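Structure first, then comments.
The values are calculated or read from the model by the stated rules, or taken from the named source; none is laboratory data. The shown structure was predicted, so the numbers you read here are calculated from the model rather than taken from an experiment. With ideal geometry, Cβ positions are generated from the backbone for all residues, glycine too; neighbour counts draw on all protein chains shown. What goes into the accessible areas is simple: the full protein's heavy atoms, side chains included, and nothing from ligands, DNA or RNA. Shrake-Rupley method; radii C 1.70, N 1.55, O 1.52, S 1.80 Å.
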Amino acid sequence: MASKQQRTRKRTFQEEEKPEVSTKKTKVSTRKTKVSTRKPKVSTRKPKVSTETPEVPTEKLQDKLSPNSLFGMGNPLLDISAVVDKDFLDKYTLKPNDQILAEDKHKALFDELVKKFTVEYHAGGATQNSIKIAQWMIQEPHNVGTYMGCIGKDKFGQILKEKAKEANIDAHYYEQDEEPTGTCAACITGDNRSLVANLAAANCYKKDKHLDLEENWKLVEKAEVYYIAGFFLTVSVESILKVAKHASENNKLFCLNLSAPFICQFFKDNLMQVMPYVDVLFGNETEAAAFAEALDFETKDIKEIAKKAQALTKDNGDRGRIVVLTQGKDETVMALSDKVDTFPVLKIDPKDIVDTIGAGDAFVGGFLSELVQNKPLEQCVKAANYAANVIIRHAGCTFPEKPDFS
């Protein structure tokens, strides 16, 4: 399993390109975030936490999971994939194997792709992928996962709603008509995939227009486990904080993903506003290194980074933070209390690796599928590595009808 491509297990591309995220095109603020020079506070109090289970309130869990037990919020995208020809790539100046954010010259690409080629649609975006994978791992009942994000009032938005329903997740989108639904085109030629992402409406989520509505907040209250990818820190930190504080005040589990190095580098203030409420922190080795540098941890050792991140000040002191860091084909690191454990990943022949784009999202989805069922942390990591191993055998964040996991 010694593939360089797999080693840096990539997050969902659509939300991950760092220099372009802060452009006018994607409507993310270009103002440089003020970075604090103060070293973060590290708690010296040992949290009261079991090393056996993640402590989902068992009195609220039933023998069978209830719908809306898992809540996710993020940047929804409609993934559109098709086998295209060289002329199509040349027309839009695309390289056969590339990942870019859409520019003005790519605006017509998405409609032309649909009209000219046979396409496949999938509900995408980092958080939505993870919720989708968690639901796939759980299977029954349907709609265990709730998802919120912003889309446009257009045909792609309608398709996205249909695809989310097909994935058996309970999607409640904020629909607006100022920006079109976010999309990611996968233009396939042979073994190559050229990805073009247009975030558009995904950047337009409004707390007061959607999350604050009574019917939507009731869905938040129904959940026991919450997950948000770090990309959403660039869109609506106030929405994240409202959900995170609710989780903390009600002794529920709030999970966050570092998502990409640029989040730590350019949105550190937003990240650190949310960090005191984070019960489970996910990241890969590249993101962990950027996090350590941003917070002056003065170490590059991933186990030490995990320990220091785990010890950062936490609002709910009765529940210790869990930090889970992946390293591609190398062992997964998990820090809890004063203990650091490692877990081997499943082996795979490099020739069986099709695409690592959705591996990070799948890892989180697998972890959440067990976490929401109050399974031991070791089982959560096992499920996470299983899900990631399945996804890298398929193009994009796609998977077989049923998992083979127990």
note = Expressed in square angstrom to the nearest 10, the accessible area of Trp217 with a 1.4 Å probe stands at 40 Å²
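Beyond 17 Å, what percent of the Cα pairs of segment 145-253 remain? Let's see the in-between values first.
Values: 3546 of 5886 pairs.
Summing the P(r) tail past 17 Å for segment 145-253 gives 60 percent.
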By accessible area with a 1.4 Å probe, ligands and nucleic acids excluded, highest first: order of Phe232, Phe156 = Phe156, Phe232
query = Rg to Rh ratio, segment 301-406, alpha-carbon atoms and Kirkwood radius?
reply = 1.00
request  = State the percent of C-alpha pairs, over all pairs in segment 215-319, separated by a distance greater than 17 angstrom.
outcome  = 50 percent
key: Solvent accessible area, Å² - Glu221, 1.4 Å probe, full protein context   = 90 Å²
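Which sequence of Phe343, Phe367 reflects their accessible areas, 1.4 Å probe, from the largest down? Kindly include the intermediate steps, with their values, before the conclusion.
Numbers: Phe343 30, Phe367 0 Å².
The residues order as Phe343, Phe367, largest area first.
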key: Accessible surface of Lys155 - all protein chains present, 1.4 Å probe, nearest 10 Å²   = 110 Å²
ask   = How would Arg193, Arg393, Arg319 rank on accessible area, largest to smallest, probe 1.4 Å?
value = Arg393, Arg193, Arg319
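Going highest first, how would you order 266-272, 91-97 by mean Cβ packing within 10 Å? Let's see the in-between values first.
Working: 266-272: 20.9, 91-97: 14.9.
In decreasing order of mean packing, 266-272, 91-97 become 266-272, 91-97.
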inquiry  = How big is segment 304-359 along each principal axis, measuring the range of its Cα positions in Å and listing the largest first?
reply    = 46, 20, 16
key: Kirkwood hydrodynamic radius of segment 88-135, from inverse mean 1/r over distinct Cα pairs, in Å   = 13.0 Å
query = Relative contact order of segment 158-206: what whole-number percent is it, with Cα pairs under 8 angstrom and at least 6 residues apart?
reply = 31 percent
message = If packing is taken as the average number of other Cβ atoms within 10 Å across a peptide's residues, how do 72-82, 301-311 rank, most packed first?
response = 72-82, 301-311
ask   = Could the peptides 350-357, 167-174 be put in order, highest first, of the mean number of other beta-carbon atoms found within 10 Å of their residues?
value = 167-174, 350-357
message = I'd like the distance separating the alpha-carbon centroids of segment 177-252 and segment 286-317, in whole Å.
response = 25 Å
message = For segment 269-317, what does the accessible surface come to per residue with a 1.4 Å probe? Please give it in Å².
response = 38 Å²
